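Shown next, in structure tokens, is the structure this report addresses.
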Amino acid sequence: QTSLGHLFLKEEFGYVPKVGWQLDPFGHSYLQGTMMTHGMGFDSLFFGRIDYQDLEKRKLESSVEGFWSSADDTFNKETSKVFWGLTGSYGGNYGAPDGFCFDVLCDDPLLTEMGEATLIERVKKFLESVKEQSDITIGSNVMVTMGSDFQVSAI
């Protein structure tokens, strides 16, 4: 899928993306660092699934992102690094933070339908969720995903 998507973007728009997002990869190989940098031109990759034991270990070590280096000595290790990170509040998936799914198919309350006091509490809860993400990362940025399977439909 990634190859076909890249080919389409290059042929139709003359554009090669530098960031990838793999929603449902089941496993990650040692060769991905090489494939993502030299094969596809990525400098970063986000993905949505990770083994639960690996995820818990990474959360404890505040390492839910990092760098893949080239698996092959053919390439310069420094120029062959690709940044990787998890999505979905660093939970290893890609949905919205708990309580903040705003799709018409979700049951979470819309912010526009709240009074001021309730809205302030909801914003605080959202910021706490972002803080929880930042506490398990080594970087200063977090990715907040806001959709999941069969979501982000008509508003």
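Quick look at the numbers
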| quantity | calculated |
| --- | --- |
| Filter result (at pLDDT below 80, touching a strand residue (DSSP E or B) at 6+ places or on another chain (Cβ under 9 Å), hydroxyl-bearing (Ser, Thr, Tyr) and open to solvent by less than 80 Å² (accessible area, probe 1.4 Å)) within the stretch 1-51 | 2, 34, 37 |
| Qualifying positions in the stretch 29-54 - in contact with a Phe, Trp or Tyr (Cβ under 8 Å, 6 or more places away or on another chain) and of a type outside the set (S, T, N, Q) | 33, 36, 38, 43, 45, 46, 47, 48, 49 |
| Cβ-Cβ under 9 Å pairs, at least 6 apart or on other chains, the stretch 1-19 side in a helix (DSSP H, G or I), far side open to solvent by 100 Å² or more (accessible area, probe 1.4 Å) | 9/15 |
| All positions within the stretch 96-154 that are part of a helix (DSSP H, G or I) and in contact (Cβ under 8 Å) with a residue 40 or more places away in the chain | 129, 132, 133, 135 |
| Only listed residue being among the acidic types (Asp, Glu) and modelled with pLDDT of 80 or more, chosen from 149, 107 | 107 |
| Boolean, residue 73 is at pLDDT below 85, more than 24 Å from residue 36 (Cα to Cα) and of a type in the set (D, E, K, R) | no |
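The values are calculated or read from the model by the stated rules, or taken from the named source; none is laboratory data. Quantities reported herein were computed from a predicted structural model and do not represent experimental measurements. Using ideal geometry, Cβ is built from the backbone for each residue, glycine included, and neighbour counts are taken over all protein chains shown. Side chains included, ligands, DNA and RNA excluded: accessible areas come from the protein's heavy atoms. Shrake-Rupley method; radii C 1.70, N 1.55, O 1.52, S 1.80 Å.
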